[in-house]
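Q: The structure's right below; bear with me while I get my questions together.
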Amino acid sequence: MVTVSLKMPEPLAAEVAAAAHRRGVSKSALIRQAVRTLLSAEEAGRPKSALDLARDLAGAFEGPEDLATNPKYMEGFGE
């Protein structure tokens, strides 16, 4: 594990200590969980890409491996 140092106002440090005590965990564990929660919330609010939305389908079908990059598959399209 990597050690990270941070500075926080004394009232916040007291809140962290009290919350850790109530939960029966260390201050480090409480802060790690808070950071994970924040990052997960940010990730959840981020727009998804087409691949994110269809990840379970990617590679699920057979076909040419170069379908997305080979212009020959577009010949005659839209005529």
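Values in this text are rule-based calculations from the coordinates and carry no lab data. For clarity, every value in this text was computed on a predicted model and none was experimentally measured. So basically every Cβ, Gly included, is an ideal-geometry build from the backbone, and we count neighbours across all protein chains shown.
Q: Please return the ranges of helices (runs of 4 or more DSSP H) entirely within the chain where 1 or more residues are exposed (fewer than 11 other Cβ atoms within 10 Å of the Cβ) and within 26 Å of the chain's Cα centre (by Cα). Break it down stepwise before answering.
A: Numbers: elements: 10-23, 27-45, 50-54.
Answer list for the chain: 27-45, 50-54.
Q: Mind checking which pairs have a first residue in segment 9-21 that is more than 14 Å from Ile31 (Cβ to Cβ) and a second that is assigned to a helix (DSSP H, G or I), Cβ under 7 Å, 6 or more apart or different chains?
A: Nothing qualifies.
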